[in-house]
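K.L.:
This structure is in structure tokens; I'll ask about it shortly.
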Amino acid sequence: MEARPDLANIEDVVDGAEPPRRARRSAALTIITASETQTARDCLQKHHFKYREKLRTKVDAPALAIGSIFHRGMSTGLRAGWLDVDGLDIEQRVAKQTAAATSGIDDLVNKWMAKRIEHGRDLDFERLATEAEETAAMVKWMLGHYFHVTRGDLERLILVETETPFSVPLRDVRGRPVKHLISQGVRDAVFYDPTYNALDLHEHKTVGQNPRDIDRRAEMDPQTTTYINSLIEDLAAGRLKLATTGEPVPRDAVVGRLSYNACKKKVPSTPKVNQDGTVSVAAIDTLATMYVAALDEQANVRKIPVTEKQYAKAKELADKGDTFFARVEYQRTPAEIERWRREAFMDASRIREANRNPDARTRNPGHCSMAWSMKCEYRQLCLDPESVELRGQFRVVDDIHTEVREAEAEADTPA
């Protein structure tokens, strides 16, 4: 009986230690991204639809569309905060960021709505117009709030890059680059901290619930370690430069913190004013500063004294903190990065096997619809894969890693 390879050295199997014929058959996978890896972990049948058949929905789901629009604005705003800001104080830089970030939001939202009309059956134009207006207003508020609460970054950090694609080789256990397996992706933002001679990686997430819940998954997110590994590779190769001057990041810099910036997809509720002119003490999802401002107007404009219950409500909101933005910071140890590296080879091996062997393309029914995630867009097609009508809801993309190619195209476009 043939001995099974040691999974601790799985990269040797992927890197050609098997018989030549099998190595040639498995060479179809040359690029692997964190998104593809996570999709394969979620469900290999979903991976088949998305990465083998290259099927994508014709219109992005609201959660995905809003996230993409926010990222575009965030990236534009970050650049505005560090470029051509001589003589501006912090308040002016934040204002410049917010103005730059929000300037194109209406156009992006309208393009998304136009696709919904073109490919969907929803022709209620009046309702769609209202939704577009509300969505644009929400994203603009999210961006303004994000730049306000992260203003400290302007004082201590230097922007290196934002929404920048990377392409680095995976390395085997001996540190040698594996020629036919390249790790690619797009980093949200990278900063240089001159105080500690360190690089900080920032990831941005838009969420529907309490943004503080992001800490439940951040440490186990393989995406972040993929990005840290790419940052280490690009730093060693001297490919990182300060956005402000174009000077290279010091080669002796270290990779420091990873920050998850979670932004809630909602505008804070305006405190309700009762018929008698008092501010309501009912439960409300808002910021403490907004509630205090409403109390100030009650006391100083309408001349109505603030009650003990109102003081208690203001304190309750203050104790909750900001429920519309949260930043979770942590670091990756060398041991964690090493574990990610080994798992990356195992993931690649599973993907290759599923690509060439339909019997290995298992389904994960538990991923079809989960309370904490979007419903799988392929769940109906999975049950009836030959349906012409269901397939008509998808388009076939030219490149399976569209997010990387789009970032590359944007990086090559003159400013």
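Every number here is computed from the coordinates shown, using simple stated rules; none is lab data. Every value quoted in this text rests on a predicted model; they were computed, and no experiment measured them. Heads up, the Cβs are rebuilt from the backbone with ideal geometry, glycines too, and the neighbour counts pull from every protein chain shown.
K.L.:
Counting other beta carbons within 10 Å of each residue's own, what order do Asp89, Asp213 fall into, fewest first?
P.N.:
Going from sparsest to densest Cβ surroundings: Asp89, Asp213.
K.L.:
If you don't mind, another one. Taking the alpha-carbon centroid of each part, what is the distance from region 81-153 to region 154-173 in angstrom?
P.N.:
Result: 25 Å between the Cα centres.
K.L.:
I need Ser75, Ser387 ordered by Cβ neighbour count within 10 Å, fewest first.
P.N.:
Details: Ser75 21, Ser387 12.
Starting with the residue having the fewest Cβ neighbours, the order is Ser387, Ser75.
K.L.:
Can you give the extra length, in nm with one decimal, that the chain gains between Arg174 and Asp213 once fully stretched, where that is 0.36 nm per residue apart less the Cα-Cα distance?
P.N.:
Working: separation 39, 0.36 × 39 = 14.04 nm, distance 3.79 nm.
Working it through step by step, the gained length comes to 10.2 nm.
K.L.:
Next question, about the same structure. Need one word for the chain: rounded, prolate or oblate. Basis is the Cα gyration tensor (sqrt eigenvalues a ≥ b ≥ c); a/c below 1.5 gives rounded, then a/b vs b/c decides. Display every interim value, and only then the final one.
P.N.:
Values: a/c = 2.03, a/b = 1.49, b/c = 1.37.
The shape class here is prolate.
K.L.:
Among Ser269, Ser230, Ser259, determine the one that fluctuates most according to a GNM of the chain built with springs between C-alpha atoms less than 10 Å apart.
P.N.:
Sorting by GNM fluctuation, first place goes to Ser269.
K.L.:
Give the shape of region 83-207 as rounded, prolate or oblate, defined through the alpha-carbon gyration tensor: a ≥ b ≥ c are the square roots of its eigenvalues, a/c under 1.5 means rounded, and otherwise the shape is prolate if a/b is larger than b/c and oblate if not. Can you show the working numbers first?
P.N.:
Values: a/c = 3.34, a/b = 1.30, b/c = 2.58.
It is oblate, given that a/c is not under 1.5 and a/b is not larger than b/c.
K.L.:
Leu44: net charge of surrounding residues, Cβ under 15 Å, Lys/Arg +1, Asp/Glu -1, itself excluded? List each step's numbers first, then the result.
P.N.:
Working: positive: Arg41, Lys46, Lys50, Arg52, Arg350, Arg352, Arg356, Arg361, Arg363, Arg379; negative: Glu36, Asp42, Glu53, Asp347, Glu353, Asp359.
Result for the neighbourhood of Leu44: +4.
K.L.:
Between helix 125-149 and the chain, what is the angle of the helix's C-alpha long axis to the longest principal axis, kept within 0 to 90° and rounded to the nearest 10?
P.N.:
Here the helix axis deviates by roughly 90 degrees.
K.L.:
Straight distance only, please: which lysines reach the Cα of Lys272 with their own Cα at less than 30 Å, same-chain residues fewer than 8 apart left out?
P.N.:
Those lysines meeting the cut-off are Lys140, Lys205, Lys264, Lys303, Lys309, Lys313, Lys315, Lys320.
K.L.:
Right, another one. How large is ³J(HN,Hα), in whole Hz, for each residue of region 261-278 in order, when computed from phi with the Karplus curve 6.51 cos²θ - 1.76 cosθ + 1.60 and θ = phi - 60°, using x for Gly and Pro?
P.N.:
10, 9, 10, 6, 8, 6, 8, x, 6, 6, x, 6, 9, 6, 4, 7, x, 8
K.L.:
List the trypsin sites (Lys or Arg not before Pro) within region 51-126 that DSSP assigns to loop and that have no more than 12 neighbouring Cβ atoms inside 10 Å.
P.N.:
Working: sites: Arg52, Lys54, Arg56, Lys58, Arg72, Arg79, Arg93, Lys96, Lys111, Lys115, Arg116, Arg121; in loops: Lys54, Lys58, Arg121.
In loop regions of region 51-126 (DSSP not H, G, I, E or B), the sparsely surrounded trypsin sites (Lys or Arg not before Pro) are Arg121.
K.L.:
While we're here: Quickly estimate the mean residue ellipticity at 222 nm for the chain, helices only: each DSSP H run with n ≥ 4 gives -39500 (n - 2.57), and the total goes over all residues, rounded to 500.
P.N.:
Working: 15 runs with 182 residues, N = 415.
Helices in the chain give a 222 nm mean residue ellipticity of -13500 deg cm²/dmol.
K.L.:
Ok, one more. Which of the lysines could be linked to Lys58 by a straight reach, that is with a Cα gap under 20 Å, when you skip same-chain ones fewer than 8 residues away?
P.N.:
Lys46, Lys50, Lys111, Lys115, Lys375
K.L.:
Moving to a separate point now. Using a 10 angstrom cutoff on alpha carbons, build the Gaussian network for the chain and name the most mobile of Val292, Val59, Val255.
P.N.:
Answer for the Gaussian network model of the chain: Val292.
K.L.:
Taking the chain as the reference, fit the longest principal axis to its C-alpha atoms, fit the long axis of helix 90-102 to the helix C-alpha atoms, and give the angle between the two in degrees, 0 to 90, nearest 10.
P.N.:
Between the helix axis and the principal axis of the chain, the angle is about 60 degrees.
K.L.:
Using a ≥ b ≥ c from the Cα gyration tensor of region 336-385 (square roots of the eigenvalues), is it rounded, prolate or oblate, where a/c under 1.5 gives rounded and otherwise the larger of a/b and b/c decides, a/b for prolate?
P.N.:
On the way: a/c = 3.74, a/b = 1.41, b/c = 2.66.
Oblate, because a/c is 1.5 or more while a/b does not exceed b/c.
K.L.:
5 Å is the cut-off here: which amide hydrogens, built 1.01 Å from N in the peptide plane, fall below it relative to Val178, excluding neighbours closer than 5 in sequence?
P.N.:
Long-range HN contacts for Val178: Leu170, Arg171, Asp172.
K.L.:
Right, something else. So what's the angle, to the nearest 10 degrees on a 0 to 90 scale, between helix 62-82 and the longest Cα principal axis of the chain?
P.N.:
The angle comes out near 80 degrees.
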